[in-house]
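Nothing in this text is a laboratory measurement; each read-out follows from the coordinates by a stated rule. Fair warning: this is a prediction, and the values are worked out from it, not measured in the lab. Virtual Cβ from ideal backbone geometry, glycine too; neighbours counted across all protein chains shown.
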Amino acid sequence: MIPFISQLPENEQNVWLTALNDCLPNENVVRSSDISPADKKRCQVAIVANPHPAQIAEFGHLIWLHSVWAGVEHLMSAVKDSPIEVVRLIDPMLSQTMAEAVLAWSLYIHREMPRYAKQQMNNHWQQHQYIPASDRRIGILGLGELGQASAEQLHHHGFTVMGWSRSKKSLANISSYSGDDGLTEMLAQCDILLCLLPLTPATKELVNKSRLALMPKGSAVINFARGAIINTDDLLDALNTRHIDHAVLDVFEHEPLSSQSELWQHPDITVLPHISAPTNLNSACDIVAKNIIKFRETGLLPVTVDKVTGY
Ligand code: NAP
């Protein structure tokens, strides 16, 4: 028996349960609340989608949890004092979906759609000089599964692409930076800064006043990772002083974004409701199933999240 531990609405949990059981015909994937206390003690692996920490604690003998999402910062705090390992979703389909969103919103900035939309609101006809994509430098924070796929996509469309990660990479056509000095160097060249980092203690509020100040005047920010990686007040200051021209925000420290938030109506912010890369039900279930079948056959766990770095 495999518990599906989740706080999703019941109808969404049912969709997951059906799809997971289809992919795992030799298992019985069950809503966690439907499992008896005795059976809970026998479960070694659980599949999770936004579980409450208390729901996880009911399963005293879990070896590992498989998340159906890529971002696992809440899970990592839930298991920090337990031996439970966490496996996050690594799915080429998700990387492709994110790379598509990155391209779409980079083009939105690159072809100055916010600027022309403002002009239209004022019945104002004015052409601005076209800048070729090759002259537009995009710096990506995070060159992992999503960052690398996005970098390739951007390069393919003619942009000049840079990336910053903990370890320096050797990637064709992408300039790689690491460390504090590397970040300073990259930020100074970013016409568009794209955030694809995991939220960890080391990345919380990484993008702050002093780092935004390093970016060229008139540059833009896209955050498709987690809201707390960017200090919102510092970003608002940078937008209000016209140092940063525009921000596309898909993620926020508190979601859903409060209807009272000033971000909604800010003329230089595009607010998106966390839609850049939704998990694909079918590909995610296939991947989760393969990982669980291998575990049952060999006892081996897939790559787990590092509890020290948090990703
Ligand atoms: P990943 O494969 O783990 O890649 C993380 C990247 O960030 C790696 O390149 C890593 O460097 C770098 N990194 C981590 N901590 C760092 C630090 N302190 N300093 C410098 N670089 C650091 O993660 P992923 O699968 O690409 O996903 C990234 C994030 O996207 C997820 O954690 C999630 O929050 C977010 N996400 C958002 C959506 C959405 O719809 N908005 C959807 C899916 C995921 P190394 O390569 O050196 O390890």
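For the chain, the dipole from Cβ point charges (+1 on Lys and Arg, -1 on Asp and Glu) about the Cα centre works out to 420 debye, to the nearest 20. Take the Cα radius of gyration of the range 1-89 and divide it by 2.2 N^0.38 Å, N being the number of residues; the result is 0.99. Set the Cα radius of gyration of the range 252-309 against 2.2 N^0.38 Å, with N its number of residues, and you get 1.84.
What's log10 of I(q)/I(0) for the range 46-97 at q = 0.17, 0.24, 0.26 Å⁻¹, Debye sum over Cα points only, no solvent? Values returned for q = 0.17, 0.24, 0.26 Å⁻¹ are -0.49, -0.88, -1.00.
Take 168-175, 149-156, 57-64 and order them by the average number of nearby Cβ atoms within 10 Å per residue, most first; the result is 149-156, 57-64, 168-175.
For the chain, the relative contact order is 16 percent, taking Cα pairs closer than 8 Å that sit 6 or more residues apart in sequence and dividing their mean separation by the residue count. DSSP bridge analysis restricted to the chain gives an antiparallel fraction near 0%, rounded to the nearest 5.
Between Asn21, Asn280, Asn122, the Gaussian network model of the chain with springs among Cα atoms under 10 angstrom shows the greatest mean-square fluctuation at Asn122. Near the amide H of Glu205, within less than 5 Å, lie the amide hydrogens of Ile229, Ile230, all on another chain or at least 5 residues away, with H placed in the peptide plane.
For the range 99-167, the convex hull spanned by the alpha carbon atoms encloses 82 Å³ per residue.
With charges only on Cβ, +1 for K and R and -1 for D and E, what is the dipole size of the range 92-271 about its Cα centre, in debye, rounded to 20? Kindly include the intermediate steps, with their values, before the conclusion.
Numbers: 14 positive and 19 negative charges, 67 e Å.
Charge dipole of the range 92-271: 320 debye, to the nearest 20.
At q = 0.09, 0.13, 0.15 Å⁻¹ the log10 of I(q)/I(0) for the chain amounts to -0.51, -0.96, -1.18, computed by Debye summation with a single uniform scatterer per C-alpha, solvent ignored. Going by Cα centres, the range 138-161 and the range 1-23 are how many Å apart? Rounded to whole Å, the Cα centres lie 33 Å apart. Per residue, the convex hull spanned by the Cα atoms of the range 1-154 measures out at 160 cubic angstrom.
The relative contact order of the range 92-271, computed from alpha carbon pairs under 8 Å that lie at least 6 residues apart in sequence, is 17 percent. Taking a straight Cα-Cα cut-off under 21 Å and skipping sequence neighbours fewer than 8 places away in the same chain, the lysines within cross-link reach of Lys80 are Lys40, Lys41, Lys204, Lys307.
For the chain, the longest principal axis of the alpha carbon atoms and the long axis of helix 92-110 meet at an angle near 20°. Semi-axes of the equivalent ellipsoid of the range 92-271 are 24, 20, 16 Å, computed as sqrt(5λ) over the eigenvalues of the C-alpha gyration tensor in descending order. Karplus-derived 3J(HN,Hα) values for the range 113-118, using 6.51 cos²θ - 1.76 cosθ + 1.60 with θ = phi - 60°, are 4, x, 5, 6, 5, 5 Hz; glycine and proline are entered as x.
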